[in-house]
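See structure below.
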Amino acid sequence: MTDLAALSSFLVAAVGLAVPLALAALGETVSERSGVINIGLEGSVIWGALGGALGALTVGPHAGLATGALAGGLAALVFAGFAVRLGTDQIITGTAVTIGSLGFTGAVFQSRFGATGLALELQTVPAWEVPVLSRIPLLGPAFFDQAITAYLAYAMVPLLGWFLFRTRWGLALRAAGESPEAAHAAGVPVVRTRMLATVFGGLMAGLAGAHLSLVHTGTFAENMSAGKGFIAIAVVVLGRWRPWGVFAAALFFGGAEALQFTLQALDADLPYPLFLALPYVLSLAALAGWFGRSRAPEGLALPWPRWRRISTNPKK
Amino acid sequence: MTVAARLDSITRRFGPVTALDKVDFELAPGEIHGLLGENGAGKTTLANILGGLLAPDAGRVEIGGQRVELRSARDARVLGVAMVHQHFSLVPRFTGFENVALFNGEAWTRRGMIAPGYRSQVEAHASELKLDAELDAPVAALGVGERQRVEILKALMSETRVLLLDEPTAVLAPQEVDGLFAVLREVAAAGTAIVLVAHKLDEVLAVADRVTVLRRGRHVLTEEAAGLSAGELAEAMVGRAVAAPSVSGVGSMGGGEGERGRPGGQTADGGGAQPSGEPDSTPVAILADVTIGAGEAPALSDVSMTVHRGEIFGIAGVDGNGQRALAAVLAGTLKPDTGAATLPDEVGWIPQDRGEEGLVKEFTITENVALALHEKPAYRRGPWLDWARIGETSAALVDELDVLARSPDTSAGTLSGGNQQKVVTGREFLRAGELLVAESPTRGLDVKATRAVRERIVQLARTGNRPPGVVLISADLDEVLELADRIAVMVRGRLIPVERDDHNAAAIGALMLSAGDGTP
C-alpha cells in the first residue's frame, strides 16, 4: 500500500466515523446552548439505530433514517419531560435514560429477532458521489463520496451558526441557556425553548444512530452505540459550543478513531488504543480553558424555574 | 386626573406571612413616585405585582384605566409596564445591544433578523434620554452603573407607561446617582410614570414628586414629597420617632428598643469619623503587595494595608472594583497570587451575597449559627456541640436584630433577603475575635436594622480590652464616612488611601470614578 493510498483510506474512514459524532454533537450543541446537558444522548443514539433498522425493514433505508431520527427525538422528549418540564436533575435523569434505553432497545430487538443474536442484514443507504467536488484529490473522496447523512451534517454547520447567532430565536435560545431568569423576564418561554432544543438534539442523535445501523454497518446489534452519545458530549466541549468548532472537533475524534484502525492494519508497533484516549485529554484541556476562554453556557444543567426559591423569596 | 396605573385593595400572602394587606396605590402619568418601607414592608412585592411577576391573592390591578390580570412580566410589558430589577435581568455574556434586542420585539423582522435601522433607533433614543449606555461590550464586562443604564434603555425601547425601579441607587457612586436622577426626570417628562423603590430617604425626597410609605404590608401614607421631611418619612416607616441613620450619627438616636442591655453602645462617639482616643497600634491583619489575577485587569493589584485593633478601616468604591477579592483575601478564603497576607485566626466575614455565601438555606437559623461557631470551644462540650448554648445565642440574635422569623428553628431559606442578612451579620459579629470583614453590611436593610448594625460595628471596635479590627467594605459612601476611622478607595483593583482632609463625599466620589492610577 502506498503512503498516499493509506492516507486516502485513512481520511475516508475518519470522515465516515466523524459523521455520526458530528450529527449528535451538533444537536447537543443546540440543546446545551439552551441550558440542557443531555447525558441521555447515548439513549437517543441507540434508539435511533434500532428505529432506523425497523424503519428500513418495513419501508426502506431512507425512511429508516427518518424513523431513526424520530426514535431518538422521542427518547429526548422523555428526558426533557423529566429534566426540563419537571426540573429533575439533568445528570441523573440523563444517565437513567441512557441505561434504560440500552436495556429497552435490547429487549425490543430480542423479542423481534430472537435472543440468538442472528445477524440482521439491512439494506444500507448508498453513498452519493457529488459531481466535481468528489474529484478533489484526497479530500474529495473523503468528504464528497458519502451517504446523505454526511451532507446533512455539513449543511447543519452553517445553518445552525446562522440560527444561533443571527436570528431572534437563536438569541432567545442562548439567553435561556445563559440566564433563564433574564430570558424569562424578556418574555422568552424558557421551558418550551429548552424542550424544543432538547428534542432537536434527540432527533439529530437519532439520525446519528440510524447512520450507525443503516450506513455504517447495515445491521443492528445491542449496545451498538458504543458510547457515541457520550463522545458527542465531549465533542461539544472540544468544539466550544460553536457549530464550526464542533464539526472540526468531530472530525478530530473521528480521525483519532480512524488512526487507531489504520495503525492496527499497518501492524505498527504502537499502543494504538492510546489514540482513542487522546481526544478526551484534549476535551479536558478545552474544559480547563487551555484553548482560550469560551465557557459552557452559564445556566447549563441548572433546572428552571427554581420553584422553591421563587415561592419563598420573590426577589430571587 | 388620568391614571397610569392603579392597585386597588391588593392582598398578597406568602405562606403564613401577609406581605400586602389591602394596599391601594395610584400612579399619575409623568410622576416620579417614591415607594418607601422597611424590609418586609411589601415594597418589592407591590412592584412585582404591578410588574406582572406576582399575582395578587385579592384586589384589582388597573393599567391605563383598564382592569387587567397580569400573568407574566410579558403581559405587563405588553401593557407598557417595564421593570428594572435589583438583580439586573440582563444576560451577562450578551452585549448591551443584544440584551436590548432580546427584550424588544420591534427589534426583529418577521423572519427573525435584526430590523434594519434598529441599532440607530436605539442610539437615538439613548441620546434623547441623555442615557450613556455601552452597547457593544458584553454586559459582564460593564460596571454596575453601566449595566443599569443598559437595563433602563432596554426597558424604555418600547412604549412605556410605567417604569418600576427596585432600589436603583443602592449600587451607584454619588455622581452616578445624580446621572440616574437626571435620566429619570427626562423619562418622566416624556409622560412615563416612574415607581422608585428605595431606602435612602433623602434621595427619594430629592427626586420624587410623591411618596408612598408601606409598613408591614399596610399602606401608611401617600403625599406630595415637597411637604415631607426625612424625619417624618422615617417615622412613618418605623411607626415611631427615629432619626434616619444617613442623616445623623450613630450614637444620637433616641432610645429605641434595639439597644436594651447593651450599655457599651452609648460609649461610641457621635462624631463618627474620629477615632476614640488613642488608637491601638497592634496590627491584626497585614496585606503586603497582594495581587490576585493577571493580565490587563487583575482583581487586585499590589494592595497593601494594615488593620489595627479597635479601628474601623473603611473601603469605599463602586461595586465590582475588586472589593470581593479583597474581602475574600482578608477572610482567608483566597490566597494571594503574589504578595503576602498575614491574617489572624478569628475572623468574621459578612459576605456580600449573604443568601448564597452566608447561609445554608435548608438549615434553620440555629443550625446556620452553629455552622459558624462550631469551632469555638465555648460552643462545644467535648466533641459534641453545645446545642443549648447555640440555641440561646441564636434566639438572642433573632431578638436583638429584630429578625422577622417565627422562631430560631425557622429555615433560613424562608426568610426575606433583609432578614437573612441580619442573621449572617449577627452571627459573624460573634465570630470576629480579631478581625471583622463586613461587605456592605447594611445593604438592603431597613432604617432600624441599619442603625442597629452600624451601632454594633462601632461597639465591636470600641469596647473591651482586645477589640477586633474592622474592615468595612461598602458602596454606600455615607456609611463609610460615618463609621470609618481611616478610608481607602478601591478602583480597578487598586487601593488608594484617602487623606483625612479628603474624608468627604465629593473628594471620595471623584476617586471612586477615577482611573485608579493617578492621584494618591
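Couple of notes before you dig in:
- Filtered by the rule that a residue be outside any helix (DSSP H, G or I), more than 12 Å from the chain's Cα centre (by Cα) and of a type in the set (A, V, I, L, M), the stretch A:38-73 gives a lone residue, A:Val59.
- Among the residues listed as B:Gly64, B:Gly40, B:Gly52, B:Gly30, the single one being on the phi > 0 side of the Ramachandran plot and out of contact with any helix residue (DSSP H, G or I) (no Cβ under 7 Å at 6 or more places or on another chain): B:Gly64
- Scanning the stretch B:321-357 for residues that are touching a residue at least 12 places away in the same chain (Cβ under 8 Å) and within 14 Å of chain A (Cβ to nearest Cβ) gives B:Arg354, B:Gly355.
- Selection count, the stretch B:75-127, where residues are free of Cβ contacts under 8 Å to residues at least 24 places away in the same chain and charged (D, E, K, R): 6
- Within the stretch B:294-320, the set of residues being outside any strand (DSSP E or B) and free of Cβ contacts under 8 Å to residues at least 60 places away in the same chain comprises B:Ala294, B:Gly295, B:Glu296.
- Of the set (1) aliphatic (A, V, I, L, M); (2) touching a strand residue (DSSP E or B) at 6+ places or on another chain (Cβ under 6 Å); (3) surrounded by fewer than 19 Cβ atoms within 10 Å (Cβ to Cβ), all apply to B:Leu435 but (3).
- Against the test of being within 17 Å of the chain's Cα centre (by Cα), farther than 27 Å from A:Gln110 by Cα and part of a helix (DSSP H, G or I), the options A:Val191, A:Val236 yield a single qualifying residue, A:Val236.
- Every listed requirement among (1) modelled with pLDDT of 90 or more; (2) surrounded by fewer than 19 Cβ atoms within 10 Å (Cβ to Cβ); (3) aliphatic (A, V, I, L, M) is met by B:Val144 save one, (1).
- Check on B:Phe88, at pLDDT 85 or above and either more than 9 Å from every other protein chain (Cβ to nearest Cβ) or in contact with a helix residue (DSSP H, G or I) (Cβ under 8 Å, 6 or more places away or on another chain) (or both): no
- Hits in the stretch A:145-168 - residues which are over 21 Å from the mean Cα position of the chain (by Cα), in a helix (DSSP H, G or I) and within 11 Å of A:Val15 (Cα to Cα): none
- Among the numbered conditions (1) over 24 Å from B:Thr169 (Cα atoms); (2) touching a residue at least 60 places away in the same chain (Cβ under 8 Å), the only one that B:Ile473 does not meet is (1).
- Across the stretch B:91-112, the qualifying residues are those that are within 27 Å of the chain's Cα centre (by Cα) and not in a helix (DSSP H, G or I), and the one among them that is farthest from the other protein chains (Cβ to nearest Cβ) is B:Thr95.
- Of all residues in the stretch B:35-49 being farther than 15 Å from B:Thr11 by Cα and in contact with a strand residue (DSSP E or B) (Cβ under 9 Å, 6 or more places away or on another chain), the one that is farthest from the other protein chains (Cβ to nearest Cβ): B:Leu36
- Subset of the stretch B:401-426 (residues that are of a type in the set (Val, Ile, Thr), in a helix (DSSP H, G or I) and within 12 Å of another protein chain (Cβ to nearest Cβ)): B:Thr414
- Answer residue from the stretch A:82-131, given it is in a helix (DSSP H, G or I), among the small types (Gly, Ala, Ser) and free of Cβ contacts under 8 Å to residues at least 40 places away in the same chain and is nearest to A:Ile37 (Cα to Cα) among those: A:Gly103
- The one condition from (1) over 11 Å from B:Met157 (Cβ atoms); (2) more than 14 Å from chain A (Cβ to nearest Cβ); (3) touching a residue at least 40 places away in the same chain (Cβ under 8 Å); (4) surrounded by 14 or more Cβ atoms within 10 Å (Cβ to Cβ) that B:Pro138 does not meet is (2).
- Among the residues of the stretch B:427-468, the one identified as small (Gly, Ala, Ser), in a helix (DSSP H, G or I) and within 17 Å of B:Val284 (Cα to Cα) is B:Ala461.
- Residue count for the stretch B:317-336 satisfying the condition of being of a type in the set (D, E, K, R) and more than 21 Å from the chain's Cα centre (by Cα): 1.
- Condition met for B:Ala58 (more than 12 Å from chain A (Cβ to nearest Cβ) and surrounded by fewer than 23 Cβ atoms within 10 Å (Cβ to Cβ)): yes
- Filter result (more than 15 Å from the chain's Cα centre (by Cα) and small (Gly, Ala, Ser)) within the stretch B:440-472: B:Ala452, B:Ala461, B:Gly464, B:Gly469
- For the stretch A:275-305, filtering for residues that are of a type in the set (Gly, Ala, Ser), without any contact (Cβ under 8 Å) to a residue 40 or more places away in the chain and not in a loop (DSSP other than H, G, I, E, B) leaves 2.
- Enumeration of residues in the stretch A:155-203 that are in contact with a Leu (Cβ under 6 Å, 6 or more places away or on another chain), within 21 Å of A:Trp244 (Cβ to Cβ) and within 11 Å of chain B (Cβ to nearest Cβ): A:Gly170, A:Leu171
- When we screen B:Gly59, B:Gly64, B:Gly52, B:Gly15 for residues that are closer than 26 Å to B:Leu415 by Cβ, touching a strand residue (DSSP E or B) at 6+ places or on another chain (Cβ under 9 Å) and at pLDDT below 90, the only hit is B:Gly52.
The values are calculated or read from the model by the stated rules, or taken from the named source; none is laboratory data. If you're wondering where the values come from, they're calculated on a predicted model, not measured in any experiment. Here Cβ is always computed from backbone atoms with ideal geometry, including for glycine, and neighbour counts include all displayed protein chains.
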